[in-house]
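J.: First, the structure itself, so that you have it in front of you.
Values quoted throughout were computed directly from the atomic coordinates according to the rules given, and no laboratory measurement underlies them. Because the structure is predicted, anything quoted here is derived from the model rather than measured. Cβ: placed from backbone, ideal geometry, glycine included. Neighbour counts: every protein chain shown.
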Amino acid sequence: MKRGLICALALIALLTAFCCAESTDEGEALKAKYEESVAFKTVETICRVGTDQISRWQTNKQVKPDSPAWNLITRFDAGFFITPKTSLFLDRRSENWVRTSETTFECDVYMNNRITFAHVPITTDYPCAYHMYFELTDKRKDTWLLTDFYSLPIQSEVDKAARYTAENEGISVYTVEGKSFRGYMMVVDDPSRVFVGTIDRFSNAVGGMRLDALTQKYHALAAINGGCFQDGGEISSGGVPIGCVYSMGKSLGYNNVHDPASNVIMGFDVNDKLIVGTFKNDQLEQLKLRDALAFHPALVLNGEKTKITDSLRYSARTAIGQDGEGRVLMLVTQGRQPNCLGACFEDLQDIMLAFGAVNAGNLDGGHSTAMYLAGESVYSGYPLDVSRRMPATFLVKYPGE
């Protein structure tokens with residue numbers, strides 16, 4: 001009996017080893033045949049989508065129509081200034097090739113996308129990493145198209161978040177990932193440390209300030225971009241906010257409840273509670289706000305997702321929230337870039353709820369999205385600088401100040 005059991009176990013082990021070897025061999029065969037023509041070509045398509053809104057219609061030949069991948073790409077909110085003169089795909093490699101059926105396989109693809117911007121002589125590398133799903137759509141022509149994909153974590157970003165957490169008392173930084181984005185959540189333990197900083201005078205003639213300059217002005221430790229402001233495109237001076245502005249107990253602007261771009265107030269009252277919602281001008285005094293900005297939409301109210309229309313547009317995003325213990329949640333997600341299409345509002349809601357948000361709202365996004373901490377740019381949606389110029393931002397004081 002014992003001998004028979006040993007023989008059976010040995011047979012199972014032999015069959016397992018054989019199957020694993022067969023699976024590995026099949027994966028290597030797929031890689032040898034399709035790495036260049038299918039996997040690399042497709043990830044280059046995704047990277048081009050991230051730099052040129054027009055090219056997505058020219059390069060979607062690698063994407064299956066009406067698939068999850070197709071729907072994601074066609075909802076991408078492309079940027080307006082990272083159109084490169086040249087784009088080089090370097091250090092390409094792939095891993096984990098697995099055939100999941102006779103007509104499907106999946107794999108991981110990595111590469112660095114080197115871009116030289118069209119209007120300035122600056123070259124930047126974007127590390128790209130995707131898990132990709134392919135389907136055989138034409139057996140006669142041996143045509144494989146992308147049906148779905150998701151972004152993979154970048155180890156350097158995880159290491160950066162861990163270092164920020166270790167070096168800054170009362171602040172923790174976490175990497176967050178979603179299907180089409182990566183980002184950072186900065187958690188500030190003490191809500192009294194979070195306030196709104198502004199430029200000296202709201203004027204487009206004078207212009208706004210970048211996050212590093214605003215942190216220096218207020219001797220602040222950290223910052224994220226803020227609310228709505230007058231925007232003339234990439235050359236906007238960023239000097240005039242739109243909607244409500246409160247800074248350290250003073251009202252510096254007016255709420256415009258009828259303007260959909262700035263009808264949601266996100267701010268802290270004198271008890272350090274984050275208020276999120278739409279209020280008329282005559283209601284503001286009752287809120288006893290100390291620091292507040294305005295944008296839209298509200299994401300979480302009383303621990304529940306809000307209903308948001310047209311929430312499936314993918315872009316770089318910024319949001320602010322507060323959990324049940326009073327901790328402030330400051331979120332930025334990457335997007336509009338060749339290695340990261342971006343997040344939708346529902347993604348932000350899911351992340352905020354995962355971190356325990358009671359209330360949360362969406363701030364200005366796109367190329368305005370930025371996070372700055374301890375003298376470094378954690379992320380900027382404006383790749384040529386630490387941030388765009390802006391009139392007002394949320395800042396974080398040093399401990400004890």
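J.: How high is the relative contact order of the stretch 158-251? Use alpha-carbon pairs under 8 Å, at least six apart in sequence, and give a whole percent.
T.: Computed over the stretch 158-251, the figure is 21 percent.
J.: Kindly rank 144-156, 290-302 from highest to lowest mean number of other beta carbons found within 10 Å of each residue.
T.: By packing density, highest mean first, the sequence is 290-302, 144-156.
J.: Net charge near residue 327: determine it from the other residues with C-beta under 9 Å of the C-beta of residue 327, scoring Lys and Arg +1 and Asp and Glu -1.
T.: Result for the neighbourhood of residue 327: -4.
J.: Longer than 24 Å from Cα to Cα, which of 179/273; 33/61; 250/280; 31/141; 250/305; 61/85 are they? Say none if no pair is.
T.: Flagged as over cut-off: 179/273; 250/305.
J.: Next up: May I ask you to list, by number, the DSSP H helices of the chain whose Cα span along the axis is at least 20 Å and whose average Kyte-Doolittle hydropathy reaches 0.5 or more?
T.: Passing helices, by number: 2-34.
J.: Kindly provide the helix-only [θ] at 222 nm of the chain, computed as the sum of -39,500 (n - 2.57) over DSSP H runs of four or more divided by all residues, to the nearest 500 deg cm²/dmol?
T.: Value at 222 nm, helices only, nearest 500: -6500 deg cm²/dmol.
J.: List the GluC sites (Glu not before Pro) in the stretch 83-181 that DSSP assigns to loop (not H, G, I, E or B) and whose Cβ has at most 14 other Cβ atoms within 10 Å. Which are they?
T.: Those that pass, being in a loop and sparsely packed, are 102, 169.
J.: Hey, another quick one. Please compute the contact order of the stretch 155-396 in relative form: average sequence separation of alpha-carbon pairs under 8 Å and at least six residues apart, divided by the residue count, as a percent.
T.: 26 percent
J.: Match the structure shown to one of the listed values (1) 1.07; (2) 0.93; (3) 1.12 of Cα Rg over 2.2 N^0.38 Å, computed from it, and give that label.
T.: Of the listed options (1) 1.07; (2) 0.93; (3) 1.12, (3) comes from this structure.
J.: Tell me, how many Å apart are the Cα centres for the stretch 256-280 and for the stretch 102-124?
T.: 39 Å
J.: Could you work out the relative contact order of the stretch 220-360, using alpha carbon pairs under 8 angstrom and six or more residues apart, expressed as a whole percent?
T.: 21 percent
J.: Taking the Cα centre of the chain as the origin, how large is its charge dipole in debye, to the nearest 20, when only Lys and Arg (+1) and Asp and Glu (-1) carry charge on their Cβ atoms?
T.: Dipole size: approximately 460 debye.
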